[in-house]
Amino acid sequence: MTESKSVLFTIFGATGDLAKRKLYPSLFRLYKKGELAENFAVIGTARRPWTDDFYRDVVLTSIKDLMKSKSEADNFISHFYYQSHDVGDVAHYVTLKNLGEKLREKYSTQGNQVFFLAMAPQFFGTITEHLKSENILTGEGFERIVIEKPFGTSYDTAKELNDSLTKSFTEEQIFRIDHYLGKEMIQSVSAVRFANPIFESLWNNRHIDNVQITFAESIGVEDRGGYYDTSGALKDMIQNHVLQVLSLIAMEKPEKFDETHIVQEKVKALKAIRKYTADEAQANFIRAQYAAGTFDEENYISYRDEDSVSTTSRTETFAAGKFLIDNERWAGVPFYVRSGKRMTEKGTRINIIFKKDVDNLFAENDETPEQNVLTIYIQPTEGFSLSVNGKAAGQGFHLDPMRLSFRHDSEFLGNSPEAYEKLFLDVLNGDGTNFSHWEEAARAWELIDVIRKTWGSDTSSELPTYKARTMGPQEAFDLLEKDGRTWNWQPDLWYIDHGML
Ligand SMILES: NC(=O)C1=CN([C@@H]2O[C@H](COP(=O)(O)OP(=O)(O)OC[C@H]3O[C@@H](n4cnc5c(N)ncnc54)[C@H](OP(=O)(O)O)[C@@H]3O)[C@@H](O)[C@H]2O)C=CC1
Ligand SMILES: O=C1O[C@H](COP(=O)(O)O)[C@@H](O)[C@H](O)[C@H]1O
């Protein structure tokens, strides 16, 4: 039997896109599962002069696809209150405090508070400072703060941000969202590694040739051109999601499967990644921008033609590179990563490519076994496959590569908790395992800053482009080719075959 939580949420940025698309539906899912019942309340705040009723209607609209009965939804939204508030105005925190006290009483929330900052990071310092100075933090129950990406734009700005947050909250109270860490299959990476001796015993440079991590998106920048043009693929995806995944694959086995030990090992792995010189960054990382293209008879405009994007923009919409890890386990094993928008399909995958068979028994038969590949499918399908060599059926002896494959079915996917729902529950349980910790973010920025600066100093050369809805520029393929390798990527026929497209 689920024990429901007692808590007051304050959502800053309650009128925004993230709140409507992710936060309210996730809270509703927790409500439907009984994790939230009667003892919770939500204060939504932003500048717009909304009433409680209007706010509740907005929340209702955002959960309409999930609701089974109107009465259930009505009961849920009755826990929502709106307070118009400019985060820069001190007087508003007094109103917020008074409302909080009233709701704490009414819903018996036991002094537990979660603050969700669904706002641009430049406001984080002001908000946390005022939460403390205006005594909204009382220390009576648990008090946790959840913040969104981007966590800074460089090591220096991230450090500044962190310093201002830690004036009011301790590291244990800060939950930095990296929503990929809430995804089912990312959480499964550790299960695959540490619950299967067949893999754990091979998880090193004696058996693994290279690792490939692809975060491909078919969408362009949509309506986020203004933000994206100041960021680019390296900062938007590689600094956070990709390096988080890489550290989970590369880390040593933690002493215990808990937050402290996992984070310790992830930080060690990140620290072992070679920090490039400017020349090495130039040689090992490439970038490109999507040009116009046609796919499936549909025409796509170029990045520079997107709304709120400069027509002379040099922001990359695709980045690829090679990381090297200087430790005993991984010396000599390249970790190739790539991420881009307007690629052929949406697909996040990890490929562990095992070494070639050195002593080929079948050489005299003119047969060469293919390298074994373990693929972890993160999305849109979830599962694993392992390519193995077998004998082709029939006369004679020929090797035939085959795939042992497991995928979650569509029913499972439909019921699988959404990343934000899992992360919300982790926050309520005080479990920071699936969040980014300061030391992780700091190290990731140190690695990325070198690449960013190298690219930034080159203002004259032509930025490579790739046609919209392709797998990126030629330079990304050359990156592996010069190492005698290729990207391992086949279109995901599984979900087409299963009617999931
Ligand atoms: N949307 C998404 O999918 C994702 C968003 N994020 C991050 O989440 C955060 C929020 O993003 P998103 O919801 O898209 O942004 P929006 O621009 O849609 O929302 C911003 C919110 O901040 C409020 N706001 C702005 N200025 C003030 C102010 N001075 N005082 C009080 N409230 C203010 C706005 O409300 P009002 O105008 O009424 O004041 C609005 O509610 C950002 O950090 C973003 O990078 C991260 C990953 C994905
Ligand atoms: O953080 C971000 O992630 C999304 C991709 O997330 P997904 O869960 O849809 O795979 C990306 O589109 C966005 O640019 C980035 O900020």
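The values are calculated or read from the model by the stated rules, or taken from the named source; none is laboratory data. Keep in mind that what you see is a predicted model, and the values were worked out from it rather than measured. No Cβ is skipped: glycine too gets one built from the backbone with ideal geometry, and neighbour counts run over all protein chains shown. For accessibility, only protein heavy atoms count, side chains too; no ligands or nucleic acids. Shrake-Rupley method; radii C 1.70, N 1.55, O 1.52, S 1.80 Å.
If you check E171, E148 for being within 16 Å of ligand 2 (Cβ to nearest atom) and open to solvent by 10 Å² or more (accessible area, probe 1.4 Å), only one passes: E148.
Restricting attention to segment 15-31, the residues being assigned to a loop (DSSP other than H, G, I, E, B) and closer than 22 Å to Y180 by Cα number 1. Based on what the data block shows, is I376 among the hydrophobic types (A, V, I, L, M, F, W, C) and more than 18 Å from R485 (Cα to Cα)? So I376 fits the description; yes.
Would you point out which residue out of D458, D492, D409 is surrounded by 15 or more Cβ atoms within 10 Å (Cβ to Cβ), farther than 16 Å from R338 by Cα and either at pLDDT below 95 or in contact with a strand residue (DSSP E or B) (Cβ under 7 Å, 6 or more places away or on another chain) (or both)? On inspection, the qualifying residue turns out to be D492.
Please find, within segment 1-18, the residue that is nearest to ligand 2 (Cβ to nearest atom) out of those that are surrounded by fewer than 22 Cβ atoms within 10 Å (Cβ to Cβ) and hydrophobic (A, V, I, L, M, F, W, C). Looking at residues that are surrounded by fewer than 22 Cβ atoms within 10 Å (Cβ to Cβ) and hydrophobic (A, V, I, L, M, F, W, C), I get L18.
Out of everything in segment 196-214 that is of a type outside the set (A, V, I, L, M, F, W, C), away from ligand 2 (no atom under 13 Å from the Cβ) and open to solvent by less than 10 Å² (accessible area, probe 1.4 Å), what residue ends up being nearest to F318 (Cα to Cα)?
Initial filter on segment 196-214 (of a type outside the set (A, V, I, L, M, F, W, C)): 196-197, 200-201, 204-207, 209-210, 212, 214.
Next, from what is left, pick out any that are away from ligand 2 (no atom under 13 Å from the Cβ): 196-197, 200-201, 204-207, 209-210, 212.
With open to solvent by less than 10 Å² (accessible area, probe 1.4 Å) added as a condition, the list becomes 210, 212.
Details: N210: 21, Q212: 15 Å.
Checking each candidate, the answer is Q212.
Might you let me know whether segment 224-236 holds any residue that is within 27 Å of K346 (Cβ to Cβ), more than 16 Å from ligand 2 (Cβ to nearest atom) and buried (at least 22 other Cβ atoms within 10 Å of the Cβ)?
Of all residues in segment 224-236, those within 27 Å of K346 (Cβ to Cβ) come to 224-236.
From the residues that got through so far, the ones that are more than 16 Å from ligand 2 (Cβ to nearest atom) too are none.
So far as segment 224-236 goes, no, none of its residues is within 27 Å of K346 (Cβ to Cβ), more than 16 Å from ligand 2 (Cβ to nearest atom) and buried (at least 22 other Cβ atoms within 10 Å of the Cβ).
Among residues of segment 193-207 that are under 15 Å from I249 (Cα atoms), those with a beta-carbon under 8 Å from a residue that is part of a loop (DSSP other than H, G, I, E, B) and among the small types (G, A, S) at least six positions away or on a different chain give the pairs N205/A331; N205/G332.
Look at (1) farther than 30 Å from N351 by Cα; (2) touching a Phe, Trp or Tyr at 6+ places or on another chain (Cβ under 9 Å) and you find that L181 fails only one, number (1).
Taken residue by residue, segment 324-338 has at least one member that is buried (at least 22 other Cβ atoms within 10 Å of the Cβ), within 22 Å of the chain's Cα centre (by Cα), within 30 Å of E222 (Cβ to Cβ) and within 16 Å of ligand 2 (Cβ to nearest atom). Just one of the listed residues (Q289, Q239) is in contact with a Phe, Trp or Tyr (Cβ under 9 Å, 6 or more places away or on another chain), within 25 Å of M343 (Cα to Cα) and not in a helix (DSSP H, G or I), and it is Q289.
If you check E217 against the conditions, is it within 16 Å of ligand 2 (Cβ to nearest atom) and modelled with pLDDT under 95? No; evaluated as a whole, the condition is false for this residue.
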